[in-house]
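J.: Below: one structure in structure tokens.
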Amino acid sequence: MCMITEEIWNRGLSLQEYIERMDIFQKEMQQRVNNLRITSAEFQKLREFNQVRKILVLTEDRCKDSLMNLPIIAKIVEATPTTEMKIFIRHENPELTQFFSQNGYYNIPLCWVMKADFSFCGAWVERPKSAYRILEAWKNDHPDYSIILNDNTLSDEQKKIKIKPLSDLLLDDMWNWYDTGLQSDTSREIRTILIC
């Protein structure tokens, strides 16, 4: 069974290296990283945290949840002097993907939080808990989204074209959800794991 080691950790990308390699959502990711701010209360709590933590993030550039949450995680790391983050692209790291799958983690982004010696603290997956309810309500209000995704008569390219207007709308709505509360939920959930 693969374990996270210093050798594996050192193969990870910095946030900027990851952004430079993105083919999808590159401009949006850079915009979120540049513009996103955490509250002064959150910043103060993070500044006081003094234990060493390593956050391994497994993701793909096409992932909307990653677009929303990776900048939040980056700001947490930036505010916490003893925390580092490395990003791994899922399809380029099959051994990591297999390791996480064997441990029950299939979705991305996956934040695998470790202590200085790479021992496991906890994991945070995909989106904050409150976002699942909001996303489900959005899908109920836009039933065509799921219908198109599940239409086996369409090729992947046809699905992509047909779903684009709804996909763009979802991205706009997600941006608003994170600006009006989900960002704080993500931050709080990740802070809870850091203090393991």
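The values are calculated or read from the model by the stated rules, or taken from the named source; none is laboratory data. Given the structure is predicted, the values throughout are model-derived calculations rather than measurements. FYI the Cβ positions are ideal-geometry reconstructions off the backbone, even for glycines, and counts take in every protein chain you see. Each accessible area value is taken on the protein alone, full model and side chains, heavy atoms only, with ligands, DNA and RNA left out. Shrake-Rupley method; radii C 1.70, N 1.55, O 1.52, S 1.80 Å.
J.: Whole number in Å², please: accessible area per residue of the range 42-196, 1.4 Å probe, ligands, DNA and RNA not counted.
T.: Averaged over the residues of the range 42-196, the accessible area is 50 Å².
J.: Could you work out the relative contact order of the chain? I mean the mean sequence separation of Cα pairs under 8 Å and 6+ apart, divided by the number of residues, in percent.
T.: It rounds to 23 percent for the chain.
J.: Could you bin all the Cα-Cα distances of the range 54-149 into 5 Å bins starting at 0 and give me the percent of pairs in each, rounded to whole numbers?
T.: Per 5 Å bin, starting at zero, the Cα-Cα P(r) for the range 54-149 comes out as 3, 12, 20, 22, 19, 13, 7, 4, 2, 0 percent.
J.: Something else now. Relative contact order of the range 80-196, please, whole-number percent, based on alpha carbon pairs below 8 angstrom and at least 6 residues apart.
T.: Relative contact order, the range 80-196: 25 percent.
J.: Placing unit charges on C-beta atoms (Lys and Arg positive, Asp and Glu negative, everything else neutral), compute the dipole magnitude of the chain about its Cα centre in debye, rounded to 20.
T.: Charge dipole, the chain, about its Cα centre: 440 debye, nearest 20.
J.: Using only alpha carbon pairs under 8 Å that are at least six residues apart, calculate the relative contact order of the range 1-102 and give it in whole percent.
T.: Normalised by residue count, the contact order of the range 1-102 is 38 percent.
J.: Please report the projected area of the range 2-45's Cα convex hull averaged over all directions, in nm².
T.: 5.2
J.: I'd like the Karplus ³J(HN,Hα) series for the range 86-92: coefficients 6.51, -1.76, 1.60, θ = phi - 60°, whole numbers in Hz, and an x wherever there's a Gly or Pro.
T.: Running phi through 6.51 cos²θ - 1.76 cosθ + 1.60 with θ = phi - 60° gives 10, 10, 10, 7, 4, 5, 8 Hz.
J.: From the phi of every residue in the range 121-126, what ³J(HN,Hα) in whole Hz does the Karplus formula 6.51 cos²θ - 1.76 cosθ + 1.60 yield, where θ is phi - 60° and glycine or proline is x?
T.: Here the 3J(HN,Hα) series is 9, x, 10, 10, 10, 6 Hz.
J.: How much of CYS196 can a 1.4 Å solvent probe reach, expressed as accessible area in Å² and rounded to 10?
T.: That residue has around 60 Å² of solvent-accessible surface.
J.: Give me P(r) over the chain, computed from all C-alpha to C-alpha distances, binned every 5 Å, as integer percentages.
T.: Distribution as computed: 1, 7, 15, 18, 20, 17, 11, 6, 3, 1, 0 percent.
J.: Can you list the DSSP H helices in the chain whose Cα atoms extend at least 15 Å along the helix axis and whose mean Kyte-Doolittle hydropathy is 0.5 or higher?
T.: 64-79
J.: Leaving ligands and nucleic acids out of the surface, order GLU60, GLU6 by accessible area at 1.4 Å, largest first.
T.: Per-residue accessible area, sorted high to low, gives GLU6, GLU60.
J.: What's the carbon and sulfur percent of the range 1-76's accessible surface, probe 1.4 angstrom, rounded to a whole number?
T.: 47
J.: Which of rounded, prolate, oblate describes the range 32-92, given a ≥ b ≥ c as roots of the alpha-carbon gyration tensor eigenvalues and a/c under 1.5 marking rounded, otherwise prolate only if a/b is larger than b/c?
T.: The shape class here is oblate.
J.: Could I ask something else about it? Please give the Cα centre distance for the range 167-196 versus the range 82-148, rounded to the nearest Å.
T.: Cα centroid to Cα centroid, the span is 13 Å.
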